[in-house]
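Where a number appears in this text, it was derived from the coordinates with a stated rule and is not lab data. Everything quoted here is computed from the prediction, not taken from an experiment. All Cβ positions, even for glycine, are placed from backbone atoms using ideal geometry, and neighbour counts span all protein chains on display.
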Amino acid sequence: MKRLLFCVLLLVLAGCRREADVPGGSGATAPAPGDAATQPAAPAEVALVDVMESTSGYIIGISYPPGMARYPGLAVALKAYADTARDDLMDAVTAAGEGGEGMPYDLSLPFDVVLETPQMVAVKAEGTSYTGGAHGTPLVARFVWLPERQELLRPEALIPDPAGWRDVSAFVRESLHAALSQRIDAEELQPEERARLLRSIGRMIDDGTGPEAGNFNAFEPVPGPGGRLRALRFVFPPYQVGPYSDGVQTVEVPASVLLPHVAPAYRELFAVG
């Protein structure tokens, strides 16, 4: 009798498995067109809460501008950047252990609004992460959000043609080399030292402004007439185009240089002429 009941149970289970394997059966329901499962996922809302942590081993300060909850996709990007910076610091704290250097590790990361209009919201991050050594690591980033398109404006989408980046690179290089020459001339250095600095820092400029979108990730909109942009201000952290002592450097590239290469979807953002 027990063996008979066992066989019956096996047959029932096998039938359940066959039903689950058939599309449309009780074990699986194929999503109909238009179901949420087939649509792009909306950005998950995140709460941007300022962070202040202080222990004997580290200090963390992160601050966000108010009102970013209106732009969930932008808020997600800001939070992700801050979380990465915090995780990097905590990895260093863990690696240092109890020994440390006698000075707390430190993360200071404020976010601030650069521009906010119905068409565009720009936020900057400029901070430092100290994990030992002579000075902290600069944290420099920019986030440009397009509310009407619900997307971050990225350099590779803005200018998709590599030829466009060659023109942008040439303009930026010329501006940075000119600024370098002016700074060095103001210091009244000996000819040999002047030539050495022009050569070494000039090489950093050329390396850091190669005609690739990745070298121009950080940029700010420069408003112009009619609410459109007259330029983009490209931002370069220390070490990208100069030594740490030169700090953050910027170059404004006018719309007249950008527009011939800007993707059609974004041309209306810029002022013409």
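A few points about this structure:
- Normalised by the number of residues in region 107-178, the mean separation of alpha-carbon contacts (under 8 Å, six or more apart) gives a relative contact order of 21 percent.
- The coefficient of translational diffusion for region 163-273, derived via Stokes-Einstein from the alpha carbon Kirkwood radius under 10 °C and 1.306 mPa s, stands at 106 µm²/s.
- Length added when fully stretched, Glu148-Arg230, from 0.36 nm per residue minus Cα-Cα: 27.5 nm
- Using C-alpha pairs under 8 Å with a sequence gap of at least 6, the mean separation divided by the residue count of region 153-230 gives a relative contact order of 42 percent.
- Under the criterion of Cα pairs below 8 Å and six or more residues apart, the relative contact order for region 63-127 equals 30 percent.
- Förster radius 25 Å - calculated FRET efficiency between Asp161 and Thr250 (Cβ-Cβ, nearest 0.05): 0.55
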